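This report concerns only the one structure given below.
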Amino acid sequence: MFVVPYFLFWYLMFDNFLLLAVEWLQSTEGIIFVSWASQDENLASELFIDRSASLSIYLLISITLAPLFILLAANNQYSSDMTSGAFRFLLMRSTRAEIYFSRFISVSLLVLICIFITSLWASAQALINGEDTIEVITLFGLQTFILVFIYSMPFIAFMSMISSFARSGLSSLFLGMLSYATLVTISFQFKSDISQAIYIIPSGLKSYLIDINTENTFILVAALFAYTLLYLVSGWYIFKSRDI
């Protein structure tokens, strides 16, 4: 449910749309549009003129679509096996903690490998287009890979929590989408009255992720790990109390 749609999407992007998008975003109209969308003219110029445009587009799209792809990747960590009773056989050789955290780690490794491949792909595309020197593209590609992966971690942990009480993979996916959509709605509904409401979900940190020169990078990474820990611990308390 994750690997095939993920690589098919990026194949279509890299093969058909990326070069056209780069050319348009580097034009005056593209810069004006991005400046309007991000409310930051300097950021738009930095991403698509001063830096590799291909990697910048990859970063923007990856951050935007990360929740959707991670919901597909991590929706069935525990649900189906709990319903079928498969965990009862694993408990003869493993503890609940080993089962819970090993599933989280395995999904994280899958996501890491996939993000690494597409980050490498985007870097190669930037080199082919001659967008910058190999040293600059390599550094920016590495930064992009790390940021996209760290941003994905809270969503993997979020689905660990959802999957720990859902009864099937499909219900876990549905509940994950519904819960995320609800939190996004609440976040945007109250952000005008309570500015902190935007940080109900990790998506509130997107603007800081895009501006990779921000001085708050370490705070940003710490915040993403805090989200991850919160969801992961919440899921663990649910999982250990379930009859599996």
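Looking only at the range 86-114, which residues are closer than 28 Å to Val148 by Cβ and among the small types (Gly, Ala, Ser)?
Correct list: Ser102, Ser106, Ser108.
For the range 154-175, which residues satisfy the criterion of being farther than 12 Å from Gly235 by Cβ and surrounded by fewer than 24 Cβ atoms within 10 Å (Cβ to Cβ)?
Matches in the range 154-175: Arg167, Ser168, Gly169, Leu170, Ser171, Leu173, Phe174, Leu175.
Among Ile200, Ile137, which is the only one that is touching a helix residue (DSSP H, G or I) at 6+ places or on another chain (Cβ under 9 Å) and without any contact (Cβ under 8 Å) to a residue 60 or more places away in the chain?
Ile200 is the lone residue from the list that is touching a helix residue (DSSP H, G or I) at 6+ places or on another chain (Cβ under 9 Å) and without any contact (Cβ under 8 Å) to a residue 60 or more places away in the chain.
Restricting to the range 114-148, name every residue that is buried (at least 20 other Cβ atoms within 10 Å of the Cβ) and under 25 Å from Leu68 (Cα atoms).
Ile115, Thr118, Ser119, Ala122, Ser123, Gln125, Phe140, Gly141, Thr144, Phe145, Leu147, Val148
Looking at the range 116-173, which of its residues are part of a loop (DSSP other than H, G, I, E, B) and of a type in the set (Ser, Thr, Tyr)?
Correct list: Thr133, Ser164, Ser168.
For every residue, the table says whether it meets (1) under 16 Å from the mean Cα position of the chain (by Cα); (2) assigned to a loop (DSSP other than H, G, I, E, B); (3) at pLDDT below 75.
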| residue | (1), (2), (3) |
| --- | --- |
| Ser192 | no, yes, yes |
| Ala197 | no, no, yes |
| Leu205 | yes, no, no |
| Leu209 | yes, no, no |
| Thr214 | no, yes, yes |
| Leu220 | yes, no, no |
| Leu224 | yes, no, no |
| Tyr227 | yes, no, no |
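Here is a list of conditions, (1) small (Gly, Ala, Ser); (2) closer than 21 Å to Ser108 by Cβ; (3) modelled with pLDDT of 85 or more, and Ala181 meets all of them except one; can you say which number that is?
Checking Ala181 against (1) small (Gly, Ala, Ser); (2) closer than 21 Å to Ser108 by Cβ; (3) modelled with pLDDT of 85 or more, the one that fails is (2).
Take Thr83 and decide whether it is touching a Lys or Arg at 6+ places or on another chain (Cβ under 6 Å), over 26 Å from Phe149 (Cα atoms) and surrounded by fewer than 19 Cβ atoms within 10 Å (Cβ to Cβ).
When the stated conditions are applied, Thr83 passes them.
Please state which of the following conditions Ala21 fails to meet, knowing it meets all the rest: (1) of a type in the set (A, V, I, L, M); (2) at pLDDT below 70; (3) exposed (fewer than 15 other Cβ atoms within 10 Å of the Cβ); (4) within 23 Å of the chain's Cα centre (by Cα).
Every condition holds for Ala21 apart from (3).
The values are calculated or read from the model by the stated rules, or taken from the named source; none is laboratory data. Since we're looking at a predicted model, the values are computed, not measured. No Cβ is skipped: glycine too gets one built from the backbone with ideal geometry, and neighbour counts run over all protein chains shown.
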